[in-house]
Amino acid sequence: MFLVATISLLIGMMLVLVRLFLGPTVYDRVLAVNTFGTHTVLFIGVLGFLMGRPDFLDIALLYALINFVGTITILKFFKYRVIGDSHRDIEERNG
Amino acid sequence: MSGIFNPLLIIFGLSSVCCVMIIINRMYKADNYNLKIEFNPLQFLYYLSWLSFEIVKANLKVTKIILSKSLPNNQRFLKVKYSQNSDFFQVVFANSITLTPGTISTETEPEYFLIHALDYNPADIDSLNKMDLRVTKLESGGAK
Amino acid sequence: MDSLSFLFNTISWILLSSGSFFIITGAYGIYKFPEFWSRLQASSVTDSLGVYLILLGLAVQSGFTFVTVKLVIIGLFLFITGPTSTHALANAAFISGLRPGEKLESN
């Protein structure tokens, strides 16, 4: 039962990885990384159940947090070319 | 959560809670911004169940488009006005739009949301307006 | 007692396999569609229904324990952050000037 979910998640990750290599624009690649992260969260959870150790869910939760923060940071970098500045700094520099 | 209650682990947990409290206090002093959220929990649960039913319907539609051989060539941008006053319920409305597959809120303007639709037909605007009415009812129900 | 566990197993089997179906469909849509905006829509199939069906199947399998609480926390977190990151991605692409149909017309 868990094996079916694991194998289908692996197939999904493969398809998304192909899009990650082919993607013509930056945004396609960010989308692929985001979806890959979601697949990884589910994969870790299902793998914990498959091996009889549901404690893996803590790692899945941590991975969900890191995935969200990573996506937002990459998008902010491509929009403003800085990561650490606040909105006030950016407005002062732009005008 | 793990079922382990060492004194050392509890001390670590308490100290990290204190750190977070200090940081939040400092952030509150930096900008005096208070987020007020008022809504009726029962109504919100009812809205969530309606939304999940809607998500399933939209999912089946998009799945049909993906598995059919023809490519989608009927996509366009829509403008949908919103009638909520508070920030929180505007966020609820925009997230509901994005969560239903087939529509994604792209840009927020002071008057309307710009929404990208995958397979456009005129009935979509009607259903989006109905969703808008529901969220507005949720907002006014909480204020009583 | 035995028939009850059989019932739970069947329910979680159905939930897990339908969730796997939606996840493969979403990934196939991301692979197949010709340009960015339709890919974004295909990814939201994975993000909404696939994730919740699989999490629900795991919760049915584990019963009322700490594990279910963790699954609910993961589900709530993904429920809030999934649409947010999709919107951020769409907004960034929109501002950078990407429009639907450009790739289709040039082909």
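Among the residues of the range A:47-65, write down those that are within 7 Å of chain C (Cβ to nearest Cβ) and under 17 Å from C:Asp47 (Cα atoms).
A:Ala60, A:Leu61, A:Ala64, listed by residue number.
Does B:Gln90 meet the test of being more than 8 Å from chain C (Cβ to nearest Cβ), in contact with a strand residue (DSSP E or B) (Cβ under 9 Å, 6 or more places away or on another chain) and over 22 Å from C:Ile30 (Cα atoms)?
yes
Can you tell me which residues in the range C:43-69 are within 22 Å of A:Ser8 (Cβ to Cβ) and at the interface with chain A (Cβ under 9 Å from one of its Cβ atoms)? Write out each step before concluding.
Residues of the range C:43-69 that are within 22 Å of A:Ser8 (Cβ to Cβ), as a first pass: C:43-62, C:67.
Scanning the range C:43-69 gives C:Ser43, C:Thr46, C:Asp47, C:Gly50, C:Val51, C:Ile54, C:Leu55, C:Gly57, C:Leu58, C:Gln61, C:Ser62, C:Val67.
Quick check on the range B:68-127: of everything there that is acidic (Asp, Glu), assigned to a helix (DSSP H, G or I) and at pLDDT 75 or above, which residue is surrounded by the fewest Cβ atoms within 10 Å (Cβ to Cβ)?
Going residue by residue through the range B:68-127, those that are acidic (Asp, Glu) are B:87, B:107, B:109, B:111, B:119, B:124, B:126.
The next check asks that each one be assigned to a helix (DSSP H, G or I); those that pass are B:87, B:124, B:126.
From the residues that got through so far, the ones that are at pLDDT 75 or above too are B:87, B:126.
Working: B:Asp87: 11, B:Asp126: 9.
So, considering only residues that are acidic (Asp, Glu), assigned to a helix (DSSP H, G or I) and at pLDDT 75 or above, the one surrounded by the fewest Cβ atoms within 10 Å (Cβ to Cβ) is B:Asp126.
Given the conditions (1) within 14 Å of chain C (Cβ to nearest Cβ); (2) modelled with pLDDT under 80, report the number of the one that B:Ala58 does not fulfil.
(2) is the only condition that B:Ala58 fails.
Could you tell me whether C:Leu4 is more than 16 Å from A:Thr35 (Cβ to Cβ) and either among the polar types (S, T, N, Q) or in a helix (DSSP H, G or I) (or both)?
Here the answer is yes, as C:Leu4 does meet what is asked.
Considering the range A:20-46 alone, what residues qualify as being facing another protein chain (nearest Cβ under 9 Å), part of a helix (DSSP H, G or I) and surrounded by fewer than 18 Cβ atoms within 10 Å (Cβ to Cβ)? Don't jump to the end; show me each part of the working.
Step one: of the range A:20-46, the residues facing another protein chain (nearest Cβ under 9 Å) are A:22-28, A:30-32, A:34-35, A:38-39, A:41-42, A:45-46.
Applying the additional criterion that residues be part of a helix (DSSP H, G or I) yields A:22, A:26-28, A:30-32, A:34-35, A:38-39, A:41-42, A:45-46.
Residues satisfying the conditions are A:Leu22, A:Val26.
Can you report the number of residues in the range C:70-86 which are under 17 Å from A:Ile59 (Cα atoms) and either in contact (Cβ under 8 Å) with a residue 12 or more places away in the chain or more than 7 Å from every other protein chain (Cβ to nearest Cβ) (or both)?
So the first thing to find is which residues in the range C:70-86 are under 17 Å from A:Ile59 (Cα atoms), and the list is C:70-78.
Subsequent filtering for residues that are either in contact (Cβ under 8 Å) with a residue 12 or more places away in the chain or more than 7 Å from every other protein chain (Cβ to nearest Cβ) (or both) retains C:71-72, C:74-76, C:78.
Count: 6.
In this structure, does B:Met27 turn out to be farther than 30 Å from C:Ser48 by Cα and at pLDDT below 85? Spell out how you get there, then give the answer.
On the way: farther than 30 Å from C:Ser48 by Cα: yes; at pLDDT below 85: yes.
Yes, satisfied.
The values are calculated or read from the model by the stated rules, or taken from the named source; none is laboratory data. Keep in mind that this is a model prediction, so the values were computed, not measured. Virtual Cβ from ideal backbone geometry, glycine too; neighbours counted across all protein chains shown.
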